[in-house]
Every structure is written in C-alpha cells, then in structure tokens.
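Take a look at the structure set out below.
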Amino acid sequence: MPDRSLSESGVAEINGARLAYDLAGEGPVLVLMHAGICDRQMWDDQFAAFARNHRVLRYDVRGFGASNLPPGSYAHHDDLRALLDALAIERATLVAASMAGGIALKTALTYPERVNALVLSTTGAATAEPTAAVRQLWGDADAAYETGDIAKAVEIELRGWVDGPHRSPAEVDAAVRERVRVMNAPLWERIADEPDAGEEAEFAPPVHERLGEVRVPTLLIVGELDQPYIVGSMERLATTIPGAETVVVRGTAHLPSMERPVEFNRVVLDFLERRGL
C-alpha cells in the first residue's frame, strides 16, 4: 500500500486558475487525466492501485470538477506543465482518456522533456472533424440544456458515450452510468454559473498534423463499442505514432477504465513494466 505520508490532496494556483488534485504513492510518476464527460473521480479504480508502485497524480482540468474556469485565454497543456512544476515533478507518464488525450499529446509535443510515455484511451485527438453522428449527439445535448433540461442533456451524453452506439442503457452497468451522471451533471450546471469563463487558445499546427513527431513509448487503449469517430481516431494514432501499441478492450464503449477496471489496470501496468516505467 502507498505510504500515507506521501499522500495529499490540494488546490494549486496555476496560471490564474485553481486546479484540484490528489497525489499518492512513490516511484515513477503517472498523471491520470480525465475524459470530458467526467472529472478526476473517474480514476477511482486506478488511483490507489497504481499508487502501490508509482507516484500518481490525478487532477481536475480547468473548468471541471473542483477546478475553476476564470476569464481569459488558457492552454490546458500549459496548465499541466505548471502543475508539474508546482509539485516538483520533472517527468511523468501521461494516462489520458478522451478529451485529455489531446492535452497529453499537446504536452508531449510542446514539452517533450517532461513526458516519459503516453497511455491514450479512446481519444478523438487524431481526427480533424467529428462525424455527423457525434455532431448530432453534441447538438442534441446542447438543445436539451438550452430548454433547461439538464437531466436530459446528461442522459444524452450517457447514451452516446457510456452506452455507445451499439448498446441500450439496460446493457450497461448501472453503477458506471450513475458514477458518470454524478460527474457530468455539474459540468452542465456550471455553464450558467460561469458565463464569462475563459476560452482555450488555438494550438497550431493542430495535433492531428503532428502525430509523427511523438517520440515517446505510446499505448493506445480502444473501447470496442465506442463511437466510430473515436475508433477511427485511435486507428490513425496507431499508424502515425512511431512504435505505438494498441489494445482493444472488448465489451466497452468510451470509458474502458470504468467498465473494465481490472483489465484496464493490468494492460497499463504491463505496458509500464515492459517499458521500465
């Protein structure tokens, strides 16, 4: 078990924002980076397990969970680099899901000296534009929010991402759906509470044009039942990042770390052991 004296939770002042984080264990550093429909709690099944042999940091990205989103321009990858500085972490392996895959790739491209390896799960970062089906999903959720029906907006996201396009809600673990619902609802609620929130700066050239520049060991984790848009992105990552490895987690959609935590953890830890990380 991780030494409790090496565990902490806190809020760091980073580039004008307050980022909430948890840190535990000792050894090579892993940073757990959450999906856009969740917050750092999505890693509950990984945090303590990985901290048995690693120093593990999980944090809420600006605008998610307990982290705020003040006015002004920002860059998530600059936030991460500054958070690593604040916690005296020189290098880390980035374990990133969905939205955070783009942040991890931007970090590896901009600050390669800070990144040991990448574990990218179900991210659309390798594609220039989402498919019509994903744009419809986002549009339907936004329309529900505009009518004041946050519960409907959340359910649309659950059906699109947690269930995926190939399953009904009844075919998905109800506990996983509820965990995501609890994380996702506040994201919609805060949109009205933070009307003057900042905006992310453009990253140019875009990530999908620079994938061949990634020079660290990379593991790609694909949910078999995820949106075709995401599966296609993961396939492009596999063919453009030199030496990238791919693992498909059967019977899962967009959140394999939550649906199949034992398998997900085994795959990640095996990769880290083989790479000496």
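The values are calculated or read from the model by the stated rules, or taken from the named source; none is laboratory data. Computed from a predicted structure; not experimentally measured. We place every Cβ from the backbone using ideal geometry, glycine too, and count neighbours over all the protein chains shown. Protein only, heavy atoms only, side chains kept; ligands, DNA and RNA dropped before computing areas. Shrake-Rupley method; radii C 1.70, N 1.55, O 1.52, S 1.80 Å.
At a glance:
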read-out	value
Leading residue by the ranking (nearest to LEU30 (Cα to Cα)) among those in region 60-102 that are in contact with a Lys or Arg (Cβ under 8 Å, 6 or more places away or on another chain) and in a helix (DSSP H, G or I)	LEU84
Residues satisfying the stated conditions in region 248-268, i.e. among the aliphatic types (A, V, I, L, M) and surrounded by fewer than 18 Cβ atoms within 10 Å (Cβ to Cβ)	VAL248, VAL262
Some residue of region 57-79 being under 20 Å from ALA244 (Cβ atoms), among the polar types (S, T, N, Q), in contact with a strand residue (DSSP E or B) (Cβ under 6 Å, 6 or more places away or on another chain) and surrounded by fewer than 23 Cβ atoms within 10 Å (Cβ to Cβ)	no
Count of residues meeting criterion [part of a helix (DSSP H, G or I) and exposed (fewer than 13 other Cβ atoms within 10 Å of the Cβ)] in region 137-147	2
Subset of region 232-247 [over 24 Å from ASP44 (Cα atoms), of a type in the set (Ser, Thr, Tyr) and open to solvent by 30 Å² or more (accessible area, probe 1.4 Å)]	THR239, THR240
Residue that is nearest to ALA35 (Cα to Cα), among those in region 114-136 that are touching a residue at least 24 places away in the same chain (Cβ under 8 Å), in a helix (DSSP H, G or I) and among the aliphatic types (A, V, I, L, M)	VAL134
Any chance GLU26 is open to solvent by 60 Å² or more (accessible area, probe 1.4 Å) and without any contact (Cβ under 8 Å) to a residue 24 or more places away in the chain	no
Residue check for ALA133: within 22 Å of LEU269 (Cα to Cα), out of contact with any Asp or Glu (no Cβ under 6 Å at 6 or more places or on another chain) and hydrophobic (A, V, I, L, M, F, W, C)	no
Out of GLU155, GLU129, GLU146, sole residue that is at pLDDT below 95, farther than 26 Å from HIS76 by Cα and not small (Gly, Ala, Ser)	GLU146
Selected residue (criterion: nearest to ASP79 (Cα to Cα)) from residues of region 165-176 that are touching a residue at least 12 places away in the same chain (Cβ under 8 Å) and surrounded by fewer than 16 Cβ atoms within 10 Å (Cβ to Cβ)	ASP173
Contacts under 6 angstrom Cβ, first residue in region 196-211 being without any contact (Cβ under 8 Å) to a residue 24 or more places away in the chain, partner open to solvent by 70 Å² or more (accessible area, probe 1.4 Å) and assigned to a loop (DSSP other than H, G, I, E, B), 6 or more apart	none
Extreme residue, nearest to the chain's Cα centre (by Cα), among residues of region 99-113 that are open to solvent by 20 Å² or more (accessible area, probe 1.4 Å) and touching a residue at least 60 places away in the same chain (Cβ under 8 Å)	MET99
Counted residues, region 148-164 - those being in contact (Cβ under 8 Å) with a residue 40 or more places away in the chain, part of a helix (DSSP H, G or I) and more than 15 Å from ARG179 (Cα to Cα)	1
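Yes/no matrix, rows are residues, columns are (1) under 25 Å from ALA128 (Cα atoms); (2) open to solvent by 60 Å² or more (accessible area, probe 1.4 Å); (3) more than 18 Å from the chain's Cα centre (by Cα):
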position: GLU178; (1), (2), (3): no, yes, yes
position: VAL182; (1), (2), (3): no, yes, no
position: GLY198; (1), (2), (3): yes, no, yes
position: ALA204; (1), (2), (3): yes, yes, yes
position: GLU209; (1), (2), (3): yes, yes, yes
position: GLU224; (1), (2), (3): yes, yes, no
position: ILE230; (1), (2), (3): yes, no, no
